[in-house]
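Only one structure is covered here, and it is reproduced in the block below.
The values are calculated or read from the model by the stated rules, or taken from the named source; none is laboratory data. All figures in this text were calculated on a predicted structure; none of them were measured in a lab. Note that we place each Cβ from the backbone using ideal geometry, even for glycine, and neighbour counts take in every protein chain shown.
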Amino acid sequence: MNIVTDARTFRADRAWGARDLAEVEGATVRLHWTDQPYQWHVNDGAEVFVVLEGQVEMRYREAGEEKSVRLGPADIFVADVGDAHVAHPLGEARVLVVERKGSV
């Protein structure tokens, strides 16, 4: 059993550092802390991105056009296979990410 009571205060030693919480049938569930943007990427499986604390500007490409949405606590972004996206935190953010094990 794993009980997480510090999701709102978790801090990694580097941007996008993570705590592995679980593996579910080939998918990982990880708690991330960051204060820096990630990188544009495309996952080889679906990715579920849940903001727990802070604000994140999620940039993504749709039909070749760059778009963005601001996510706050309890907001969820789902990227499917082939969806290019990049997360830009606005200050510190804590994010729960569920994705295929070994994804970028």
When you go through (1) surrounded by 11 or more Cβ atoms within 10 Å (Cβ to Cβ); (2) at pLDDT below 95 one by one for GLY102, which number turns out not to apply? (1)
Show the residue pairs that are 6+ apart or on different chains and have beta-carbon atoms under 8 Å apart, the first residue being within region 51-73 and closer than 20 Å to VAL29 by Cα, the second being of a type in the set (S, T, N, Q) and modelled with pLDDT of 95 or more. MET58/SER68; LEU71/GLN55; GLY72/GLN55
Flagged in region 1-46 as surrounded by 12 or more Cβ atoms within 10 Å (Cβ to Cβ) and either in contact with a Ser or Thr (Cβ under 7 Å, 6 or more places away or on another chain) or of a type in the set (Phe, Trp, Tyr) (or both), in numbering order, are PHE10, ALA15, TRP16, TRP33, TYR38, TRP40, ASN43, ASP44, GLY45
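Let's see how each residue does on (1) at positive phi; (2) among the polar types (S, T, N, Q); (3) surrounded by 15 or more Cβ atoms within 10 Å (Cβ to Cβ):
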position: VAL51; (1), (2), (3): no, no, yes
position: GLN55; (1), (2), (3): no, yes, yes
position: ARG59; (1), (2), (3): no, no, yes
position: SER68; (1), (2), (3): no, yes, no
position: ASP83; (1), (2), (3): no, no, yes
